[in-house]
Structure formats: C-alpha cells, structure tokens
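To keep things clear, I will list the structure first and then write my remarks on it.
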Amino acid sequence: MEACKKILITGLESLDLPLDKDKIEQLMCFIKLLEKWNKAYNLTSIRNTEDMVRLHLLDSLAIIPFIEGKHVIDIGTGAGLPGIPLAIYLPSIDFTLLDSNAKKTRFVQQVILELKLKNVSVCHNRVERYLPEVSFNTVITRAFASLSDIVKLTGHLLSKNGIILAMKGQPPDEQYINFAKTTLIPINVPGIPANRCLVKMQLTEESEVS
C-alpha cells in the first residue's frame, strides 16, 4: 500500500489539496475496504489498488472546487464514489449517498462506520422515488445516465438555484445540453491521461416543467 499512498499524496499535491494526515489515512482505509469487499461483492471492475487511487479517489476529489452549498447528494453512488472521498475532504458539508443496489449501500454504510464519518448518510432507494425532507444544493452523478435522463430523474431533488454536476469522460454531444444552463468544465485528474470533464447544469424553467 505504500506505492498507493505515494500516488495519492502526489495526486493531492497536483490538485492543490491539503496533505492532511488524518484524511490521507481515511482515504487509504477506504481503498483497503474496497479491495477487501470487492472480492465478494464485485463493487468495481477495477482490481488494482494503484488504479483505484487514480481512477476512484483522485477522480472524485478533482471536482471539489465546483461543489456548491451545504447539502450534497451523490446519485448512483455505487461503492461510495465520489461521495466518500468528497465527504472525507469536506467535513462541513452534509452528504447523502443514494443507490438502488442493496449490497453496495451495505458496503458504504460499513465504510461510514469504520471511518467514523459524521457528515454522511446512506439511502437505499431509486432516485425517482426518493423524496428528501431537505432539498440539495448540489446533485452529483458519476457514470450514471445521459444528461437528459439525469435532469428528468434528479431535478426534483434540487433546491432553488441548485446545480447538477455530471462527471463524464468525453464531452457529451451538444444536442443533450440545450435544456439547461450548462457549463462544460475540463477536468485534469493526476495520473489519468484519458479525457475527463464535468458538466455543470442549472435547470431552466423549461427543463423544470418537462
């Protein structure tokens, strides 16, 4: 795991994030838990722990500058990505991690207990059926759906002036980004040569009605 830790620290430096010892240890513990549970639960197709650091931890943390507000939801969180790494580095923000897969939400709950994360809650539900008591300032999705489906499925979760952050690989086709106030943000993830981007969307009146 020393090689993983070096990759993580180098990546944090590249992302201009503080090298907090406790946060680094929590992130490393998360990777160890993910590796352990992945053998039985098939949480991620990535098996190599060094790749997990790059493709899961650093990829998640790269979007920190674009998160808005105090209430954030991670839709289709899977193994807790990007929600867990973000919650570790942003302890003053309340995160809800939602997924319809029970085995994955059980894993995320175990991670929260073992890492003693006080700012994270888990929800086992389908996004279209989820009716929160408090709306969210930021909705995050990662490899979840097309942009049009993301808006249709998550729009009811947003607070006034809330935003959707869709983590994508290649930039989406223009035809999918005309129904909301949209900003395409290139993302550079340390150690990942492939293109990454973030689509920031703020709903228009038309998209809220449709």
Turns out the helices (runs of 4 or more DSSP H) fully within the range 47-123 with at least 3 residues that are surrounded by fewer than 23 Cβ atoms within 10 Å (Cβ to Cβ) and of a type outside the set (F, W, Y) are 49-52, 102-115
Go through (1) among the aliphatic types (A, V, I, L, M); (2) under 25 Å from L8 (Cβ atoms); (3) not in a strand (DSSP E or B) and name the single condition L131 misses.
(2)
Evaluate the following for S135: is it among the small types (G, A, S), within 16 Å of the chain's Cα centre (by Cα) and modelled with pLDDT of 95 or more?
no
Just name the residue that is farthest from S14 (Cα to Cα) out of those in the range 176-210 that are β-branched (V, I, T) and modelled with pLDDT under 85.
V209
Total residues in the range 147-170, condition assigned to a helix (DSSP H, G or I) and either in contact (Cβ under 8 Å) with a residue 60 or more places away in the chain or crowded, with 18+ Cβ neighbours inside 10 Å (or both)
7
Assess whether F144 counts as being at pLDDT below 95, closer than 30 Å to W37 by Cα and crowded, with 18+ Cβ neighbours inside 10 Å.
yes
Which of the following residues is farther than 22 Å from T141 by Cβ and without any contact (Cβ under 8 Å) to a residue 24 or more places away in the chain: K5, K32?
K5
Can you tell me which residue among S100, S121 is in contact with a Ser or Thr (Cβ under 9 Å, 6 or more places away or on another chain) and modelled with pLDDT of 95 or more?
S121
Mind checking whether some residue in the range 15-23 is in contact with a strand residue (DSSP E or B) (Cβ under 8 Å, 6 or more places away or on another chain), hydrophobic (A, V, I, L, M, F, W, C), closer than 23 Å to A166 by Cα and at pLDDT 95 or above?
no
Take the conditions in contact (Cβ under 8 Å) with a residue 40 or more places away in the chain, basic (K, R) and in contact with a strand residue (DSSP E or B) (Cβ under 9 Å, 6 or more places away or on another chain) and apply them to R126. Does it pass?
no
Report, ordered by the first and then the second residue, all pairs with beta carbons closer than 9 Å, sequence separation of six or more or different chains, a first member in the range 37-58 that is under 21 Å from Q110 (Cα atoms) and in contact (Cβ under 8 Å) with a residue 40 or more places away in the chain, and a second member that is of a type in the set (D, E, K, R) and crowded, with 17+ Cβ neighbours inside 10 Å.
Y41/K104; L43/K104; T49/E35; M52/E35
Out of (1) under 19 Å from L165 (Cβ atoms); (2) of a type outside the set (S, T, N, Q); (3) not in a helix (DSSP H, G or I), the one L43 does not meet is (1)
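The values are calculated or read from the model by the stated rules, or taken from the named source; none is laboratory data. Quick caveat, the model's predicted, so the values are computed rather than measured. Because the Cβ atoms are built from the backbone with ideal geometry, glycine has one as well, and the counts that use them run over all protein chains shown.
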